[in-house]
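The values are calculated or read from the model by the stated rules, or taken from the named source; none is laboratory data. These numbers were taken from a predicted model, which means no experiment stands behind them. Cβ placement follows ideal geometry from the backbone for every residue including glycine, while neighbour counts extend to all protein chains displayed.
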Amino acid sequence: MKPFLRFFVCAALIALPPFVACAAQEETDDNLFLAAREAFRIGDRSTLETLNETLSEHVLAPWVDYYRLRQGLEKRDEAAVLAFIERERGNYLGERLRADWLGVLAKRADWRGLLAHYRKLTAPDQDARCLSVLARVKRNEDAAWREAEELWTTLIDAPEGCQHLFALLGREVGDDLYWQRARLLVEQGKMEAARRVLQFLSAAQQPDKKDFGQISKQPARWLAQLKAEDFSGGRARREIVALAIARLARSEPLAARSRLETWQARLGPQASAWCWGQIALSGARQHMPEALGWFSRSSPKARSKDVSEWHVRAALRVKDWYAVLAAIRSMPKTLREQPAWIYWQARAHKEVGHFAIAHEEFQRLRGQANFYGNLTDEELGLPIGIPPPAALPSAAEMSVARAHPGLLRALALLRLDLRIEGVREWNWSVRDMEDRQLLAAAHFAYERQAYDRAISAAERTRAQHDYSLRFLAPFASQVRLAAREQALDDAWVYGLMRQESRFIVQAKSSAGASGLMQLMPATAKWVAKQIGLKNYDYKQVNDTEINLLLGTAYMRMVLERLHQHPVLASAAYNAGPGRARAWCANAPLEGAIYVETIPFNETRDYVKKVMSNAVYYAILFTGKPASLRARLGEVPARDT
């Protein structure tokens, strides 16, 4: 909208009552901001320049100025960029534009300038880190080459800055690192990315395109046609056979084992050990009892993070506590120090009678407000605690929060349903806050019904806490009515809803799930039919009452189908009842072990958080102690 048009709009607003005019003006300015964002998206520089002047007083004016500078950044004068960074010093947009500028300096081959700006970043992301390594490689720093090679062999999803680094590495590294990266990518199922890496090999060493295509789509058929004389191609041939076996292992570990046993003498010890790790990984994810033995034939030095972790899980699944200890000891130290493996190492020591060592290990997780901290407290005979609530923020503290530019911008972005930008602005703004500031920010977000940001700020406190904000319970009358009508534990309902949507009414996932309880279209339609909800239309799914009705009804249905077990029902809500049932063992299984051995990363993390959330909600709702171990219980055998 041109300035003269905006003048007439504002003039028309004068005739309205003040509160109506204020709301109308805010809506007008919001629409202008969205127009600026769209102009940035489509590259309309003229409109963006005009709107930058028009919206100079809007709370999101710095974002419009950022869009203006970011558009055609490669042609910008550094002085204009530095002026914006200085104006936004300490704010998210200043950091973001500086990080964007690194990419421009890389294209200009200004490595010295790039490193100077990189050192001024407060929290560089992976993209910026890769560009800094690239600059140091270009300046022939020995340590940078080592860092680059480590990224090459560990980083799976590489952002743009890392792609620049990898393009350089692709022309410089030797065959070992080409094959090492190809293995990493094949393990993750990224066959096309692996193929691109192998294109850096010399023409004589590159795999045949037809062979690689068949390995990607039909590894069993390709391996069935393999003959002893086919190994005459040297290392390249051995490596491609190993990739084929790994590819087959993803779906058919037993068939892959058979092929490996046939050809491992020709593959050599290193490639064979890696293949055994891939077969064991797939077998462990499918809960095959043979998997633990397969891990013993792999090499700890050649294991990825996934292989190392599933070695422990395979041992847990068969309750071989000595094997659990051995598998955790074989992990790299950084991985071994994660809460999951600290807990299971302590449990294993306890199970084999090393009580003093177990007690010492458990102390490292004591009191942590998460799944493993909860389990640890119960192992130590301590109640899962909720600390005394901190004093409410004072009027002065709330005034500071309500005037904080970053918080105001974040909430404005969220109001416009620009969640990615809003969450990033919010997280940046609260990153260095002290407890009192965080509590004030949480209350401010709660006032604006930005419940997810209230939870986020409250979770960051270190000494002064308010668990009623960490575990918000909005829509109480509606949620509790829906839970009561379905005969569900309201603490579990809230625990699941907190994990699903963080109480964002209009939440929508990338997969298409909607609303407070994140219902997929097909699921919502099916549940509506099952409960006899007449004239249901999916457009109603974000209506709070409809969403709660369908979500809690589905919770009840999966709970009834799965032995009234909340762990199984929680897994089913995320991944489907069939999978939740298939993940059961042939004998009853400790609930914590069932959760730890869920094959899907997302579902495993989801169930842990839902069950831990439910414990805290139960304590808040009843004022009485609650037990995570009791909620996890024992998962029935698959055939019961």
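Residues of the range 22-59 being assigned to a loop (DSSP other than H, G, I, E, B) and either in the same structural domain as Arg415 (by TED's automatic domain parsing) or surrounded by fewer than 20 Cβ atoms within 10 Å (Cβ to Cβ) (or both), which ones? Before the answer, list the steps.
Filtering the range 22-59 for residues assigned to a loop (DSSP other than H, G, I, E, B) gives 43-44, 55-59.
Those that are assigned to a loop (DSSP other than H, G, I, E, B) and either in the same structural domain as Arg415 (by TED's automatic domain parsing) or surrounded by fewer than 20 Cβ atoms within 10 Å (Cβ to Cβ) (or both): Gly43, Asp44, Ser56, Glu57, His58, Val59.
Filter the range 395-418 down to residues that are touching a residue at least 40 places away in the same chain (Cβ under 8 Å) and assigned to a helix (DSSP H, G or I), then give me how many there are.
Selection size over the range 395-418: 14.
So which of Ala585, Ala580, Ala571 is small (Gly, Ala, Ser) and in contact (Cβ under 8 Å) with a residue 40 or more places away in the chain?
Values: Ala580 fails: in contact (Cβ under 8 Å) with a residue 40 or more places away in the chain; Ala571 fails: in contact (Cβ under 8 Å) with a residue 40 or more places away in the chain.
Of the residues listed, the single one that is small (Gly, Ala, Ser) and in contact (Cβ under 8 Å) with a residue 40 or more places away in the chain is Ala585.
Hey, Ala135 hits all of (1) at pLDDT below 95; (2) more than 25 Å from the chain's Cα centre (by Cα) but one; which does it fall short on?
If we test Ala135 against (1) at pLDDT below 95; (2) more than 25 Å from the chain's Cα centre (by Cα), just (1) comes out false.
Residues checked against (1) at pLDDT below 95; (2) surrounded by fewer than 22 Cβ atoms within 10 Å (Cβ to Cβ); (3) of a type in the set (Lys, Arg); (4) in contact with a helix residue (DSSP H, G or I) (Cβ under 9 Å, 6 or more places away or on another chain):
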| position | (1), (2), (3), (4) |
| --- | --- |
| Ser570 | no, no, no, yes |
| Arg581 | no, yes, yes, yes |
| Pro588 | no, yes, no, no |
| Ile593 | no, yes, no, yes |
| Thr597 | no, yes, no, yes |
| Phe600 | no, yes, no, yes |
| Val635 | no, no, no, yes |
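What pairs come up if the first residue lies in the range 431-446 and is within 20 Å of Ala123 (Cα to Cα), the second is surrounded by 24 or more Cβ atoms within 10 Å (Cβ to Cβ), and their beta carbons are under 6 Å apart, counting only those six or more places apart or on different chains?
Note: pairs meeting the criteria are Leu438/Ala457.
Between Ala483, Ala507, which is under 18 Å from the mean Cα position of the chain (by Cα) and either touching a residue at least 60 places away in the same chain (Cβ under 8 Å) or not assigned by TED's automatic domain parsing to the domain that holds His404 (or both)? Break it down stepwise before answering.
On the way: Ala483 fails: under 18 Å from the mean Cα position of the chain (by Cα).
From the options Ala483, Ala507, the qualifying one is Ala507.
If the requirement is being touching an Asp or Glu at 6+ places or on another chain (Cβ under 7 Å) and among the small types (Gly, Ala, Ser), which of these qualifies: Gly406, Gly381, Gly373? Give the steps one after another, and end with the answer.
Values: Gly381 fails: touching an Asp or Glu at 6+ places or on another chain (Cβ under 7 Å); Gly373 fails: touching an Asp or Glu at 6+ places or on another chain (Cβ under 7 Å).
None of the others qualify; the one that does is Gly406.
Whether any residue in the range 312-328 is under 22 Å from Arg181 (Cα atoms) and not polar (S, T, N, Q) is what I want to check.
Narrowing the range 312-328 to residues under 22 Å from Arg181 (Cα atoms): none.
Scanning the range 312-328 turns up no residue that is under 22 Å from Arg181 (Cα atoms) and not polar (S, T, N, Q).
If a residue has to be among the aliphatic types (A, V, I, L, M), more than 32 Å from the chain's Cα centre (by Cα) and in a helix (DSSP H, G or I) to count, how many in the range 82-124 make the cut?
2
For the range 395-440, enumerate the residues that are crowded, with 18+ Cβ neighbours inside 10 Å, within 22 Å of the chain's Cα centre (by Cα) and among the polar types (S, T, N, Q).
Matches in the range 395-440: Ser429 only.
Please give the helices (runs of 4 or more DSSP H) falling wholly within the range 181-226 in which 3 or more residues are under 25 Å from Arg303 (Cα atoms) and over 35 Å from the mean Cα position of the chain (by Cα). I'd like the intermediate steps shown before the answer.
Details: elements: 191-198, 209-217, 219-224.
Of the helices (runs of 4 or more DSSP H) lying wholly inside the range 181-226, none has at least 3 residues that are under 25 Å from Arg303 (Cα atoms) and over 35 Å from the mean Cα position of the chain (by Cα).
Evaluate the range 519-541: report whether one residue or more is surrounded by 15 or more Cβ atoms within 10 Å (Cβ to Cβ), touching a residue at least 60 places away in the same chain (Cβ under 8 Å) and not assigned by TED's automatic domain parsing to the domain that holds His443.
No, the conditions are met nowhere in the range 519-541.
Of the residues that make up the range 259-266, is at least one charged (D, E, K, R), assigned to a loop (DSSP other than H, G, I, E, B) and more than 23 Å from Asn601 (Cα to Cα)?
Step one: filter the range 259-266 for residues charged (D, E, K, R), giving 259, 261, 266.
So of that shortlist, the ones also assigned to a loop (DSSP other than H, G, I, E, B) come out as none.
For the range 259-266, residues charged (D, E, K, R), assigned to a loop (DSSP other than H, G, I, E, B) and more than 23 Å from Asn601 (Cα to Cα): absent.
Within the range 60-70, can one find any residue that is in a loop (DSSP other than H, G, I, E, B) and at pLDDT 95 or above?
At the first step, the residues of the range 60-70 found to be in a loop (DSSP other than H, G, I, E, B) are 60.
Subset that is at pLDDT 95 or above: 60.
Among the residues of the range 60-70, at least one is in a loop (DSSP other than H, G, I, E, B) and at pLDDT 95 or above, which makes the answer yes.
Taking the range 599-624 only, how many residues are within 28 Å of Leu281 (Cα to Cα), in contact (Cβ under 8 Å) with a residue 60 or more places away in the chain and either among the β-branched types (Val, Ile, Thr) or not in a helix (DSSP H, G or I) (or both)?
Number of matching residues: 2.
Quick one: which helices (runs of 4 or more DSSP H) lie wholly within the range 332-386 and hold at least 3 residues that are closer than 21 Å to Lys319 by Cα?
Working: elements: 333-336, 339-351, 355-362, 371-379.
Answer list for the range 332-386: 339-351, 355-362, 371-379.
Test Glu261 against the stated conditions and say whether it is in the same structural domain as Arg235 (by TED's automatic domain parsing) and charged (D, E, K, R).
Details: in the same structural domain as Arg235 (by TED's automatic domain parsing): yes; charged (D, E, K, R): yes.
Answer is yes for this residue.
Taking the stated definitions as given, is Asp157 at pLDDT below 90 and outside the structural domain of Cys275 (by TED's automatic domain parsing)? Walk me through how you get there before you give the answer.
Details: at pLDDT below 90: yes; outside the structural domain of Cys275 (by TED's automatic domain parsing): yes.
When the stated conditions are applied, Asp157 passes them.
Going by the conditions given, is Glu88 acidic (Asp, Glu) and either within 20 Å of Leu121 (Cβ to Cβ) or at pLDDT 95 or above (or both)?
Working: acidic (Asp, Glu): yes; either within 20 Å of Leu121 (Cβ to Cβ) or at pLDDT 95 or above (or both): yes.
So Glu88 fits the description; yes.
Tally time: how many residues in the range 126-165 are surrounded by 18 or more Cβ atoms within 10 Å (Cβ to Cβ), hydrophobic (A, V, I, L, M, F, W, C) and touching a residue at least 24 places away in the same chain (Cβ under 8 Å)?
Looking only at that region, the number is 10.
Quickly run through the range 177-212 and pick out the residues that are of a type outside the set (A, V, I, L, M, F, W, C) and farther than 29 Å from Lys107 by Cα.
Residues of the range 177-212 of a type outside the set (A, V, I, L, M, F, W, C): 178, 180-181, 183, 187-190, 192, 195-196, 199, 202, 205-211.
Within the range 177-212, Arg183, Glu187, Gln188, Gly189, Gln205, Gln206, Pro207, Asp208, Lys209, Lys210, Asp211 qualify.
If Val567 meets every condition in (1) at negative phi; (2) part of a loop (DSSP other than H, G, I, E, B); (3) of a type in the set (A, V, I, L, M, F, W, C) apart from one, which number is that one?
Result: Val567 passes all but (2).
Can you spot a residue in the range 232-251 that is under 21 Å from His287 (Cβ atoms), under 31 Å from the mean Cα position of the chain (by Cα), surrounded by fewer than 16 Cβ atoms within 10 Å (Cβ to Cβ) and assigned by TED's automatic domain parsing to the domain that holds Gly268?
Yes: the range 232-251 contains one or more residues that are under 21 Å from His287 (Cβ atoms), under 31 Å from the mean Cα position of the chain (by Cα), surrounded by fewer than 16 Cβ atoms within 10 Å (Cβ to Cβ) and assigned by TED's automatic domain parsing to the domain that holds Gly268.
Return the residue satisfying two criteria in turn: it lies in the range 229-241 and is part of a helix (DSSP H, G or I) and closer than 16 Å to Ser272 by Cα, and of such residues it is modelled with the highest pLDDT. Spell out how you get there, then give the answer.
Filtering the range 229-241 for residues part of a helix (DSSP H, G or I) gives 229-233, 235-241.
Keeping just the survivors that are closer than 16 Å to Ser272 by Cα gives 231, 235-241.
On the way: Phe231: 83, Arg235: 83, Ala236: 84, Arg237: 87, Arg238: 90, Glu239: 91, Ile240: 92, Val241: 95.
Here the answer is Val241.
The conditions are (1) farther than 18 Å from Arg409 by Cβ; (2) hydrophobic (A, V, I, L, M, F, W, C); (3) surrounded by fewer than 18 Cβ atoms within 10 Å (Cβ to Cβ), and Ala123 fails exactly one of them. Which is it?
With (1) farther than 18 Å from Arg409 by Cβ; (2) hydrophobic (A, V, I, L, M, F, W, C); (3) surrounded by fewer than 18 Cβ atoms within 10 Å (Cβ to Cβ) applied to Ala123, the lone miss is (1).
Can you name the condition, by its number, that Gly293 falls short on among (1) assigned to a helix (DSSP H, G or I); (2) of a type outside the set (Phe, Trp, Tyr); (3) buried (at least 20 other Cβ atoms within 10 Å of the Cβ)?
Exception for Gly293: condition (3).
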